[in-house]
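Written out below as structure tokens is the structure these notes cover.
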Amino acid sequence: MSTNSRIGIENEDGSIRSVYCHWDGYIAAVGYTLLLNYSDRKVLGDLIDLGNISSLGKNLYPKGDHTFESPEDDVTVFYGRDRNESDQSAEISPSLVEFVAEVGEGGEEFGYVLRRDGTWTIVDRYADKVIEENGDDEIVLARAELIRNVRRTQLGG
């Protein structure tokens with residue numbers, strides 16, 4: 001089962017350009033990957049230019065053989081580039097308010113927007129909340145909780 005999300009960037013006019021991401025949309029997974037690897041507006045813009053995503057990796061471009069069926073480790077897998085599907089372009093929401101309202105309409109549980117000021121806003125449909133302040137901190141805390149839970153499981157507790 002997948003956890004879907006939308007990944008967006010706030011444009012100068014306040015509109016949001018975003019793409020769908022199919023796998024691991026949780027804050028501790030997609031959110032963490034975005035924070036570490038896509039907080040640069042140019043890099044995130046390049047990601048969004050490539051369209052809808054199957055799985056988000058640390059890297060945009062493969063160094064060797066990379067296909068949808070056999071992806072290179074840590075490389076983002078796109079429906080258009082890697083599976084030759086059509087109609088995989090980014091969508092535009094007129095404002096952040098509209099983006100928040102639209103997250104969930106396509107089955108997304110989470111939404112992420114890199115704001116013009118360089119911070120992340122998070123839409124969490126599970127908790128039915130929007131995190132506009134300290135979104136970066138929320139991502140780090142979610143990742144720490146995930147690591148803590150994995151360690152407890154590994155230690156049998």
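Would you call residue 39 outside any loop (DSSP other than H, G, I, E, B) and under 29 Å from residue 141 (Cβ atoms)?
For residue 39, the condition - outside any loop (DSSP other than H, G, I, E, B) and under 29 Å from residue 141 (Cβ atoms) - is not met.
What is the number of the single condition among (1) at negative phi; (2) within 18 Å of the chain's Cα centre (by Cα); (3) among the small types (Gly, Ala, Ser) that residue 107 does not meet?
(1)
Looking at (1) in contact with a strand residue (DSSP E or B) (Cβ under 9 Å, 6 or more places away or on another chain); (2) in a loop (DSSP other than H, G, I, E, B), find the lone condition where residue 69 falls short.
(1)
Counting only residues that are among the charged types (D, E, K, R) and not in a strand (DSSP E or B), which one in segment 117-134 is surrounded by the most Cβ atoms within 10 Å (Cβ to Cβ)?
125
Of the residues 16, 7, 27, which is farther than 21 Å from residue 142 by Cβ, touching a Phe, Trp or Tyr at 6+ places or on another chain (Cβ under 7 Å) and not small (Gly, Ala, Ser)?
16
Quick one: in segment 14-47, of everything that is farther than 24 Å from residue 68 by Cα and without any contact (Cβ under 8 Å) to a residue 40 or more places away in the chain, which residue is surrounded by the fewest Cβ atoms within 10 Å (Cβ to Cβ)?
42
Looking only at segment 137-157, count every residue that is in a helix (DSSP H, G or I) and either without any contact (Cβ under 8 Å) to a residue 40 or more places away in the chain or touching a Ser or Thr at 6+ places or on another chain (Cβ under 6 Å) (or both) and tell me the total.
Of the residues in segment 137-157, 11 are in a helix (DSSP H, G or I) and either without any contact (Cβ under 8 Å) to a residue 40 or more places away in the chain or touching a Ser or Thr at 6+ places or on another chain (Cβ under 6 Å) (or both).
Of 101, 90, which residue is more than 15 Å from the chain's Cα centre (by Cα) and of a type outside the set (Lys, Arg)?
101
Restricted to segment 62-116, and to residues that are modelled with pLDDT of 95 or more and hydroxyl-bearing (Ser, Thr, Tyr), which residue is surrounded by the fewest Cβ atoms within 10 Å (Cβ to Cβ)?
86
With free of Cβ contacts under 8 Å to residues at least 24 places away in the same chain, within 21 Å of residue 26 (Cβ to Cβ) and out of contact with any Gly (no Cβ under 9 Å at 6 or more places or on another chain) as the only criterion, which of 117, 73, 128 stands out?
Going through 117, 73, 128 in turn, just one is free of Cβ contacts under 8 Å to residues at least 24 places away in the same chain, within 21 Å of residue 26 (Cβ to Cβ) and out of contact with any Gly (no Cβ under 9 Å at 6 or more places or on another chain): 128.
The values are calculated or read from the model by the stated rules, or taken from the named source; none is laboratory data. Just so you know, these numbers come straight off a predicted model, no measurement behind them. Every residue, glycine as well, gets a Cβ built from its backbone with ideal geometry; the counts of neighbours run over all protein chains shown.
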